[in-house]
Amino acid sequence: ITPLNINIDILNKEQLEEISEKYSFSLPKDEKLLTLIKNPFYLNTYLNNYADTNELNYNDFKTKLWNKKIKDSKPERERCFLKIAFERANSGQFFVSPNCESNILHELVKDGILGYEDTEYFITHDIYEEWALEKKIEIEFRKRENELDFFKKIGQSLPIRRSFRNWLSEKLLLQDENIKGFIEEVFINEQVEQFWKD
């Protein structure tokens, strides 16, 4: 059999508005969430769960989707997924052999969160991986003893740095009170690597 690739493009704003009118569903007012649901995968999730309100924002959507798809009322499922995302980010490898209970790995594969090949696993959706890294960064931020301790715990891989930028941008956007002091401390701490300051 010759394989065939079918490319499904991301919708533009006009297409999204046209579909919204035609099928009578509300689009979110939040621009970040609106951008996310231009992807048909996330539009489907939005329509199946949240299309009855346009008040939903990106953070609410992200939290609800994470709790439903990743955590699924099982903290060990969330811990396993966080471990996999962090291991993938730090190893630079597409496939990982996570140290998680086999039944949890099986559930994540069954739910389409992980894929499986030979004896190793991979994450099926980039956005879940990004959210996992941001969640890991948030956990380490809350547990930090100081700035150096925090940066040491999260590591220096490129995916972590990208997630750190997203996490920091979101903190600033939400005007998180804790972040201002942290940023000031990072800038005056000469032991913090320059790329973090950049």
Of the residues in region 1-19, how many are of a type outside the set (Asp, Glu), within 26 Å of the chain's Cα centre (by Cα) and open to solvent by less than 100 Å² (accessible area, probe 1.4 Å)? 5
I'm checking my understanding of the structure. Among residues of region 20-42 that are at pLDDT 90 or above and of a type in the set (Lys, Arg), which one is most open to solvent (accessible area, probe 1.4 Å)? Lys22
Say we look at region 44-61 and pick out the residues that are crowded, with 18+ Cβ neighbours inside 10 Å and over 18 Å from Glu130 (Cβ atoms); which of these is modelled with the lowest pLDDT? Ala51
Any idea which residue in region 82-93 is most open to solvent (accessible area, probe 1.4 Å), counting only those that are free of Cβ contacts under 8 Å to residues at least 60 places away in the same chain and in contact with a strand residue (DSSP E or B) (Cβ under 8 Å, 6 or more places away or on another chain)? Glu87
Please go through region 111-138 and give me each residue that is among the hydroxyl-bearing types (Ser, Thr, Tyr) and out of contact with any Pro (no Cβ under 7 Å at 6 or more places or on another chain), ordered by number. Tyr116, Thr119, Thr124, Tyr128
Tally time: how many residues in region 99-136 are closer than 22 Å to Asp72 by Cβ and open to solvent by less than 80 Å² (accessible area, probe 1.4 Å)? 26
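Scan Thr124, Thr119 and give me the residue that is polar (S, T, N, Q) and at pLDDT 90 or above.
Numbers: Thr119 fails: at pLDDT 90 or above.
Sole residue among the options that is polar (S, T, N, Q) and at pLDDT 90 or above: Thr124.
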Looking at Val96 and the list (1) more than 16 Å from the chain's Cα centre (by Cα); (2) among the hydrophobic types (A, V, I, L, M, F, W, C); (3) open to solvent by 70 Å² or more (accessible area, probe 1.4 Å), which single condition is not satisfied? (3)
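For (1) assigned to a strand (DSSP E or B); (2) modelled with pLDDT under 90; (3) charged (D, E, K, R); (4) in contact with a Leu (Cβ under 9 Å, 6 or more places away or on another chain), each residue gets a yes or a no:
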residue	(1), (2), (3), (4)
Phe94	no, yes, no, no
Glu140	no, no, yes, no
Val186	no, yes, no, no
Glu190	no, yes, yes, no
Residues of region 159-198 being among the aliphatic types (A, V, I, L, M) and in contact (Cβ under 8 Å) with a residue 40 or more places away in the chain, in sequence order, are Ile160, Leu174, Val192
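Consider Ile104 carefully, then state whether it is free of Cβ contacts under 8 Å to residues at least 40 places away in the same chain, part of a helix (DSSP H, G or I), farther than 20 Å from Tyr58 by Cβ and touching a helix residue (DSSP H, G or I) at 6+ places or on another chain (Cβ under 9 Å). It would help to see each step written out before you state the result.
Numbers: free of Cβ contacts under 8 Å to residues at least 40 places away in the same chain: yes; part of a helix (DSSP H, G or I): yes; farther than 20 Å from Tyr58 by Cβ: yes; touching a helix residue (DSSP H, G or I) at 6+ places or on another chain (Cβ under 9 Å): yes.
In short, yes.
Being within 16 Å of Cys100 (Cα to Cα) and either at pLDDT below 85 or surrounded by fewer than 14 Cβ atoms within 10 Å (Cβ to Cβ) (or both) is the requirement here; does Lys68 meet it? Lay out the reasoning, then the answer.
Values: within 16 Å of Cys100 (Cα to Cα): no; either at pLDDT below 85 or surrounded by fewer than 14 Cβ atoms within 10 Å (Cβ to Cβ) (or both): yes.
Judged against the criteria, Lys68 is not a match.
The values are calculated or read from the model by the stated rules, or taken from the named source; none is laboratory data. Keep in mind that what you see is a predicted model, and the values were worked out from it rather than measured. Reconstructed Cβ throughout: ideal geometry from the backbone, glycine too, with neighbour counts over all protein chains shown. Remember, those area values only see protein heavy atoms, side chains included, never the ligands or the DNA or RNA. Shrake-Rupley method; radii C 1.70, N 1.55, O 1.52, S 1.80 Å.
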